[in-house]
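Computed from the coordinates by the stated procedures, all read-outs in this text should not be read as laboratory data. All values derive from a computational prediction rather than experimental measurement. Backbone-built Cβ (ideal geometry, glycine too); neighbour counts: all protein chains shown.
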Amino acid sequence: DTAVSQTPKYLVTQMGNDKSIKCEQNLGHDTMYWYKQDSKKFLKIMFSYNNKELIINETVPNRFSPKSPDKAHLNLHINSLELGDSAVYFCASSQSGLRYNEQFFGPGTRLTVL
Amino acid sequence: KQEVTQIPAALSVPEGENLVLNCSFTDSAIYNLQWFRQDPGKGLTSLLLIQSSQREQTSGRLNASLDKSSGRSTLYIAASQPGDSATYLCAVPFYNQGGKLIFGQGTELSVKP
């Protein structure tokens with residue numbers, strides 16, 4: 001019973017291509033996130049959606065566009081991929097509330113841009 | 001601006017030792033602090049969530065403490081095992097920013113048999 005799942009697990013593509021990563025959670029949470037883990041293993045927030053609405057948009061190039069068709073899904077589309085986009089992308093979810101409850105992470109998508 | 005720091009960056013211990021991992025944060029106005037474990041090439045597994053009103057939280061051989069006033073949390077691992085080898089990350093939700101987590105750089109733990 002996977003709580004937060006992502007597809008694909010690995011993605012290898014050429015510079016300039018457009019690609020998407022999908023995320024689904026079956027925890028009934030109302031908030032979902034995308035994080036990026038760079039080559040130095042540092043994790044940083046990219047986006048956050050609450051009930052399908054964008055609530056956090058960090059300083060991320062507009063080539064990255066998240067889409068949330070419903071509360072259980074948050075996809076990440078990346079246009080015109082660049083070498084620097086190579087990283088591991090993690091999706092996470094939590095239930096919002098006054099105390100920002102525990103976040104659960106997916107297994108990650110390792111993106112390699114050649 | 002919230003900054004999270006973890007010391008040490010790497011730690012190697014023999015099996016059976018008790019050990020402490022440290023996490024410090026600059027802004028004490030936090031709702032909670034979460035400890036994660038990340039195995040090489042894998043995702044993050046949530047270990048413990050300690051609320052701002054709590055001083056400690058325990059799960060099995062793990063014990064997390066929180067001192068908001070000093071901006072510190074520790075993760076205590078009792079009787080370490082080779083299977084505990086992983087990177088341990090602490091994170092706090094950013095105040096009034098939709099719960100986004102600010103992560104430390106992690107402590108890479110190696111437990112030798």
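Key figures for this structure:
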quantity: Lysine pair number, Cα distance threshold 16 Å (strictly under), chain A, separation 8 or more or different chains; calculated: 12
quantity: Relative contact order (%) - the stretch B:30-92, alpha-carbon pairs under 8 angstrom, separation at least six; calculated: 37
quantity: P(r) of the stretch A:1-112 over all Cα-Cα pairs, binned every 5 Å from zero, in whole percent; calculated: 2, 13, 24, 27, 19, 10, 4, 1, 0
quantity: Net charge of neighbours whose Cβ lies under 12 Å from the Cβ of A:Pro8, counting Lys and Arg as +1 and Asp and Glu as -1; calculated: +4
quantity: Rg to Rh quotient for chain B, alpha carbon positions, Kirkwood Rh; calculated: 0.96
quantity: Size of charge dipole - the stretch A:18-58 - debye, nearest 20, with Cβ of Lys, Arg +1 and Asp, Glu -1, no other charges; calculated: 260
quantity: Test item: B:47-55 mean partner chain Cβ contacts at 10 Å; calculated: 1
quantity: Burial ordering of A:Tyr33, A:Tyr89, B:Tyr31, fewest other beta-carbon atoms within 10 Å first; calculated: B:Tyr31, A:Tyr89, A:Tyr33
quantity: Farthest positive-ward along chain B dipole, Cα basis, beta-carbon charges - from B:Val20, B:Pro93, B:Gln38; calculated: B:Pro93
quantity: The protein assembly as shown: radius of gyration over Cα atoms, expressed as a fraction of 2.2 N^0.38 Å; calculated: 1.01
quantity: Computed lengthening from B:Ala9 to B:Gln54, 0.36 nm per intervening residue step minus Cα-Cα distance; calculated: 13.6 nm
quantity: Relative contact order of chain A, defined on C-alpha pairs under 8 angstrom at six or more residues apart (%); calculated: 36
quantity: Rel. contact order, % - alpha carbon contacts under 8 angstrom, at least six apart, chain B; calculated: 37
quantity: Residue-count net charge about B:Pro14 - beta-carbon cut-off 14 Å; Lys, Arg +1, Asp, Glu -1; calculated: -2
quantity: Contour minus Cα-Cα distance for A:Arg110 and A:Lys52 (0.36 nm per residue); calculated: 18.4 nm
quantity: Label zone at B:Ala79 (point 7 Å along Cα-to-Cβ), backbone N below 16 Å, the stretch B:3-22; calculated: B:15-19
quantity: Neighbour-count ranking [beta-carbon atoms within 10 angstrom, fewest first] of A:Ser94, B:Ser52; calculated: B:Ser52, A:Ser94
quantity: For B:Thr107, net neighbour charge (Lys/Arg +1, Asp/Glu -1) across residues whose Cβ lies under 13 Å away; calculated: 0
quantity: Order of B:Ile102, B:Ile7 - criterion: other Cβ atoms within 10 Å of each residue's Cβ, fewest first; calculated: B:Ile7, B:Ile102
quantity: Within 10 Å of each Cβ in A:32-43, the average number of Cβ atoms from other chains; calculated: 3
